[in-house]
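Bear in mind that the values in this text are calculations on the coordinates, not laboratory data. If you're wondering where the values come from, they're calculated on a predicted model, not measured in any experiment. Methodologically, a virtual Cβ is constructed for each residue, glycine included, from the backbone with ideal geometry; neighbour enumeration extends over all protein chains shown.
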Amino acid sequence: MAGKRPLTLAEKKVLLKEKLLAKSQQDKTAVVALPAQQALWAFTMANPASPAYHLKFTARIQPAVPAELIANALAQLMKRHIVLRSYFEFKEGRLYQHFPEQSLFKLSAGSIDEAAISDTILHDYAQL
């Protein structure tokens, strides 16, 4: 630093303004995934059938709740917690975590008979 004069307050303000402006224009919807996230992603890509890190859950709600109410509750939960809306994308040799403003999740509902429910539960637990 020998030979360089210290910045004046006005110069520091201009430099700070330029840096803040550049930062505000960056894409805030995606960030490079953390090393631990990259490791989990790599494990999942190498072992797509592995049940590790995947929790399966089956529930019977009685009395029946209209699907619209459940969809609205999930939408509110996802709106409140950004991590529930996030997803990963491998692009240009790097893994990115995206944070969209709107959830990409869509709830589908249907009917299933008692025998099929039991078969589904048994199949899911046999996978563990």
So how long is each side of the stretch 54-118 along the principal axes, counting just the alpha-carbon atoms, biggest first, in Å?
47, 25, 17
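So what's the back-of-envelope 222 nm ellipticity for the chain, counting only DSSP H runs of four-plus at -39500 (n - 2.57) apiece and dividing by all residues, rounded to 500?
Values: 4 runs with 55 residues, N = 128.
Mean residue ellipticity, 222 nm, calculated: -14000 deg cm²/dmol.
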For the stretch 1-123, report the % of Cα-Cα distances exceeding 25 Å.
56
Measure off 7 Å from each Cα along the Cα-to-Cβ vector at SER50 and GLU89, then give the distance between these two points in nanometres to one decimal.
2.6
Please give the peptides 66-72, 48-54 ranked by average Cβ packing (other Cβ atoms within 10 Å per residue), highest first, as a rough proxy for protection.
66-72, 48-54
Top positive-direction residue, dipole computed over the chain with Cβ charges, set THR44, LEU74, TYR96
TYR96
Under 30 Å between alpha carbons: how many lysine pairs meet that in the chain, if sequence neighbours fewer than 8 apart on the same chain are excluded?
23
Rounded tilt (10° steps) of 35-46 against the dominant C-alpha axis of the chain
40
